[in-house]
Amino acid sequence: EPEVTQTPSHQVTQMGQEVILRCVPISNHLYFYWYRQILGQKVEFLVSFYNNEISEKSEIFDDQFSVERPDGSNFTLKIRSTKLEDSAMYFCASSGGLAGGQETQYFGPGTRLLVL
Amino acid sequence: KQEVTQIPAALSVPEGENLVLNCSFTDSAIYNLQWFRQDPGKGLTSLLLIQSSQREQTSGRLNASLDKSSGRSTLYIAASQPGDSATYLCAVKDFNKFYFGSGTKLNVKP
């Protein structure tokens with residue numbers, strides 16, 4: 001069964017460093033998403049991406065964040081200068097993309113980011 | 001801003017019981033609602049997706065209902081099993097943003 005994969009599973013970084021989180025969505029999916037979940041808190045929407053551009057972003061997704069689909073398979077989230085409060089589990093998801101994107105989202109296993 | 005609330009926060013039941021998990025949202029103008037399960041330290045697994053025009057969806061022992069006008073959804077689990085133990089999350093799509101509840105942590109005792 002197709003699945004969303006994410007690398008790395010864990011990342012430890014120093015405050016102020018740049019990190020890139022990688023995701024391989026399900027191959028025929030058209031919509032891609034990033035979420036984060038701070039330990040003990042709700043899953044929070046960061047950004048959705050369609051047709052090589054951001055379709056929606058939350059208030060959390062400020063200038064420190066960027067997303068890219070560098071090739072036909074990878075979808076990346078870059079945090080330019082990490083802060084302590086960026087420590088969280090980051091989930092990538094994808095969906096098939098019927099009109100309006102009203103389809104089931106499939107999540108990857110997550111990348112646990114720890115900023116020291 | 002959309003707020004999603006789930007009740008109860010935790011639930012412990014003996015194996016075999018039927019149970020209901022509740023999800024409420026503040027703005028009824030949603031596109032869809034999705035139920036997920038999350039196992040400790042893992043990603044989210046989609047259980048059911050209900051479009052805004054639908055009232056319920058079923059998959060095996062799971063049945064989810066949606067009442068948009070009252071801002072509520074319920075997830076019914078029949079004949080619960082220890083393998084159902086997990087945290088259950090509901091999420092609504094509001095325009096192009098997604099809002100999650102805090103989840104209901106379910107423990108099914110053998």
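Taken together, the values in this text are just the output of simple stated rules run on the coordinates, not laboratory data. This one's a predicted model, so the numbers in the text were calculated from it and none came from an experiment. A quick note on method: Cβ atoms are made from the backbone with ideal geometry, for glycine too, and the neighbour counts reach across all protein chains shown.
Region B:61-97 and region A:48-95 have Cα centres spaced 27 Å apart. Count Lys and Arg as plus one, Asp and Glu as minus one, and take only other residues whose Cβ is under 12 Å from that of B:N107; the net charge is then -1.
Spin-label pair B:T5-B:S53: with each label point 7 Å from Cα along the Cα-Cβ axis, the two points sit 3.1 nm from one another. Shielding by partners for peptide A:43-52, expressed as the average number of C-beta atoms from other protein chains within 10 Å of each residue's C-beta, is 3. Note on chain A: with a GNM built from Cα contacts shorter than 10 Å, the maximum mean-square fluctuation among A:L77, A:L30, A:L39 falls on A:L39. GNM on chain A, alpha-carbon springs under 10 angstrom: the most fluctuating residue among A:F32, A:F91, A:F49 is A:F49.
What the Kirkwood sum gives for chain B is a hydrodynamic radius of 13.8 Å, with every pair of different alpha carbons counted. Between B:R61 and B:V13, the simple label model (points 7 Å from Cα in the Cβ direction) yields a spacing of 0.9 nm. For chain A, excluding the exposed loop sites themselves (GluC sites (Glu not before Pro), DSSP loop, at most 14 other Cβ atoms within 10 Å), the longest remaining stretch covers A:60-116. For region A:83-91, the Karplus equation 6.51 cos²θ - 1.76 cosθ + 1.60, evaluated at θ = phi - 60°, returns couplings of 10, 4, 6, 7, 4, 5, 8, 10, 10 Hz by residue, with Gly and Pro reported as x.
Each Lys and Arg Cβ is given +1 and each Asp and Glu Cβ -1; about its Cα centre, region A:3-96 then shows a dipole of about 180 debye.
Considering only alpha-carbon pairs that sit under 8 angstrom and 6 or more positions apart, the relative contact order computed for chain B is 38 percent. Enclosing the Cα atoms of the protein assembly as shown in their convex hull gives a volume equal to 121 cubic angstrom per residue. The HN-Hα couplings worked out from phi for region A:46-54 by the Karplus form 6.51 cos²θ - 1.76 cosθ + 1.60 (θ = phi - 60°) are 9, 7, 10, 9, 8, 6, 6, 8, 5 Hz, whole numbers, x standing for Gly and Pro.
In this structure, B:K109 and A:T76 have a Cβ-Cβ separation that, at R0 = 41 Å, corresponds to a calculated FRET efficiency of about 0.45.
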